[in-house]
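In what follows, a single structure is set out as structure tokens and then discussed.
Nothing in this text is a laboratory measurement; each read-out follows from the coordinates by a stated rule. Given the structure is predicted, the values throughout are model-derived calculations rather than measurements. All Cβ positions, glycine included, derive from the backbone under ideal geometry; neighbour counts span all protein chains shown.
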Amino acid sequence: MADLPIPLLRTFVVVADTLNLTSAATLLHRAPSTVSMQINRLEELVTTPLLERGQYGVRLTLAGEQLKLQAQQLLALHDRILGGFRNADITGKVRLGTHDLYVTRALTPLLESYRLCYPEAELEVTCDHRPGHLASLVAQGRLDLALVEMPALSDGGQRLGGDRLVWARSEAHPLQPQEPIPLVMFPEGCFYRESAIKALQRLDMPYRITFTSHSRGGVLAAIQAGLGIGVVPESTLEPGLTPIEELPALPQTHTTLFITERPNAATTRLAQTIEECPLFRRFDLV
């Protein structure tokens, strides 16, 4: 019986997550043709189609859905075993601060992989909607790392990738010509909130806050429900949301990593893992 190569399974899991060969190739730093050949090779080994390819992308077959779950479990076990031997000497506490924008998206698989590869490291994650506050906690020595969305050209930290803020509304609830403009926002101290209010005030456009939440999920749910419009990074527009072009332009941003002056080995490894993650470098710096 032929073995299933780990590299092929890793490629398949990324394709299964993105359901787009081009996007998967970008994340894997490979040519789309290489990714396609690896999937074909894996299908030959399991003797069944894993993907159904169409004009607008791919979708998993029933066998593909089954293999995705099993491959994730196998890769997690593989990384746990290998990490236990290779990185047993990487110890210490890592205190990471970030926005739940990242925790609920790109950071989830990254932190899972880090935990498996560095089983002796103690990871503590704090979520906060105030990027400046998290950066200040690093400077005070109360956090070791902060991964935040900062205004473009801000001082400090290591800039990883660029994006821009956009106004967003629910596709099911078109923006009505009304005053004041209803806003769905994070609490005070949030860069998105401050940017939105400043943009409207510059043009003397009246507004009111109709919904406030510390949670990204709460903000998105309120926008989807038509309680108002919100501000999100362009790269994170969810299905069911559409950008609004009629309102004042919003700032460009940088995904920024702040690192303590004296990081321990576990902190250094997590910083390197974040810096190398293609999901945080998907947009050119502006």
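Lys and Arg at +1, Asp and Glu at -1: add these up for the other residues within a Cβ distance under 9 Å of F186 and post the number. Combined, the nearby Lys, Arg, Asp and Glu give +2.
With Cα atoms as the point set, the chain shows a radius of gyration and Dmax of 21.3, 71 Å.
Each of Q73, P32, A265 was placed along the dipole of the chain (beta-carbon charges, centred on the mean Cα), and the one lying farthest toward the positive end is A265. Note on the stretch 163-252: dipole from Cβ charges, positive end direction compared against F211, L175, V231; the farthest Cα belongs to F211. Our note on the geometry: Cα centres of the stretch 138-173 and the stretch 1-60, 32 Å apart. The label-point distance for E276 and H133, in a model that sets each label 7 Å from Cα toward Cβ, rounds to 3.3 nm. Taking the Cα centre of the stretch 163-252 as origin and assigning +1 to Lys and Arg Cβ atoms and -1 to Asp and Glu Cβ atoms, the resulting dipole is close to 180 debye. Modelled this way, with points 7 Å down the Cα-to-C-beta line, the labels at A221 and R10 are 3.7 nm from one another.
When only alpha carbons are used to place a centre, the stretch 248-266 and the stretch 183-213 end up 23 Å from one another. With both labels modelled 7 Å from their Cα along Cα-to-Cβ, the D3 to M205 distance reads 5.9 nm.
Taking a ≥ b ≥ c as the square roots of the eigenvalues of the Cα gyration tensor, an a/c ratio of 1.5 or more together with a/b no larger than b/c marks the stretch 1-59 as oblate.
Of A271, A172, A76, which has the largest mean-square fluctuation in a 10 Å C-alpha GNM of the chain? Largest GNM mean-square fluctuation: A172. Here the Karplus curve 6.51 cos²θ - 1.76 cosθ + 1.60, taken at θ = phi - 60°, turns the phi angles of the stretch 146-161 into couplings of 9, 10, 9, 9, 10, x, 4, 6, 5, 7, x, x, 9, 7, 9, x Hz, with x standing for Gly and Pro. Taking the helices alone, the chain has a mean residue ellipticity at 222 nm of -12500 deg cm²/dmol, built from -39,500 (n - 2.57) per DSSP H run of at least 4 residues and averaged over all its residues. Taking Cα atoms only, the orientation of helix 32-46 departs from the longest principal axis of the chain by about 50 degrees.
Using only side-chain charges placed at the Cβ, +1 for Lys and Arg and -1 for Asp and Glu, the dipole size of the chain relative to its Cα centre rounds to 200 debye. Stretched out straight at 0.36 nm per residue, the stretch from E188 to R164 would grow longer than its current Cα-Cα span by 6.6 nm.
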